[in-house]
Structures are given as C-alpha cells and as structure tokens.
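To keep things clear, I will list the structure first and then write my remarks on it.
Each reported figure results from applying straightforward, stated rules to the coordinates on display, with no laboratory input. Owing to the predicted nature of the structure, the values given are computational and were not obtained by experimental measurement. As a convention, Cβ positions derive from the backbone with ideal geometry for all residues, glycine included, and neighbour counts pool all protein chains shown.
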Amino acid sequence: MTYTTERYTAELDAKTYIDEFRNADYFIKLCQQCGNYGRRYGCPPFDEDPLSALEMYDRVRLLGVKITPDNKNLPLEAAGELMEPVIIKLNEELLESERVLKGRSYGFVGHCPYCGGAPCARIAGEPCRHPDKVRPSLEAIGFDISKTAEDLLGLEIKWSQDGRIPEYLTLVCGIFYKG
C-alpha cells in the first residue's frame, strides 16, 4: 500500500496543555465503551494515576502525522495496514526521545504492533510482552486529540464515511519532559 506522510509539530507548556486539552472524565467514559478497555496494556484503567505521572514535567512536544493513501477508495479495514509501519517508526522515535529527554511518551490507540496479532497478555492477566515499547495514547489518559490536532497542529481530523478510509488518516502522539 502506498501513501505519503506529512508531519506537524507543536511544543508548549505542559500545564497549559493539561489544563486546556485534557478532559479525563469525558474521555474515560468513551474508553469504557470500547472493547479494548481493560484488555490492552495501552488502554485504561491504569495502575497509576495518569495525571500524577504528568505533573513532574513542564514541557510537552506533540507530533501529528497525516497519512494520505495513493488509493482514494480503500475500505476502512485497510486503515490498520496503512498506519502500522508509520506507528512503528513513530514509536521508535518517541522511545528515543523519551530516552534522550528523560521524559514520558504517549503513542497510539489500537492494537499492539509488537505482538504479531496475538491477543494482549493483559487479557490472560500476564505481564506485557513488550513493556519497553508499549505506551498509552494521549486519548487514553484523557486528552482531546481532535482539539489537539486542530488547535495546536493545524490538522483537521477526517472521519470515515460509507466504510471507506477518509481523504487522509491522522496520528497524534507526544512526549512530556523537563525543559
């Protein structure tokens, strides 16, 4: 599958981002409606309070990626295949930034690209197979990704219609760190 990508970045004060773009009560209710809730290590509920984990950082760097498929008529089921190589590459970048900045990164919602399609070990009550790579998404800890993409990255999120991939797909991730 061929596609092009465009990157968008923003950097701001972590407290401002938390105060203006996080609505944990609203987004946890949406997460609870998803079949992955409590069944994947990147999904809530979490053992620690996500806000407590963020409060030690004073900066956040956000990254948005717009993935535009060359084929404009793909079924929605093709979205995962289209996004997976981009997600893997971005996760590698996030983890490297996490190491360099001594921060905490937040990746992507959905299935784990590291388990080869196997069910998440969380379902069986087993430890994560890839704790060195798996990070929750910003939305899993209560951030409004649509507002983040539009207000901070200048990127409108498009939604599927009629079972087809939209004009482009959007990924948003970030890293909190001490500036």
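A few points about this structure:
- In the stretch 79-121, trypsin sites (Lys or Arg not before Pro) in a DSSP loop with at most 10 other beta-carbon atoms within 10 Å: Lys102
- Label-point separation in nm, Asp70 to Glu167, each point 7 Å along Cα→Cβ: 2.1
- For the chain, fraction of C-alpha pairs farther apart than 23 Å, in %: 41
- Gyration tensor over alpha-carbon atoms, the stretch 85-179, equivalent ellipsoid semi-axes in Å: 24, 20, 12
- Once each of the chymotrypsin sites (Phe, Trp or Tyr not before Pro) sitting in a DSSP loop with at most 14 other beta-carbon atoms within 10 Å is removed, the chain keeps 47-113 as its longest stretch.
- Efficiency of FRET from Cβ geometry, Cys115 and Tyr37, R₀ 25 Å, rounded to 0.05: 0.90
- Each of Thr4 and Ile88 was given a label point 7 Å from its Cα along the Cα-to-Cβ line. The distance between the two points is 2.4 nm.
- Under the simplified labelling scheme, the Asp49-Glu11 pair shows an inter-label distance of 3.0 nm, with each label point 7 Å from Cα along Cα→Cβ.
- For the stretch 1-81, projected area of the alpha-carbon convex hull averaged over all directions, nm²: 7.4
- Within the chain, longest stretch free of exposed GluC sites (Glu not before Pro) [DSSP loop, at most 13 other beta carbons within 10 Å]: 56-155
- Fully extended contour minus Cα-Cα distance, from Glu156 to Asn23, at 0.36 nm per residue: 45.9 nm
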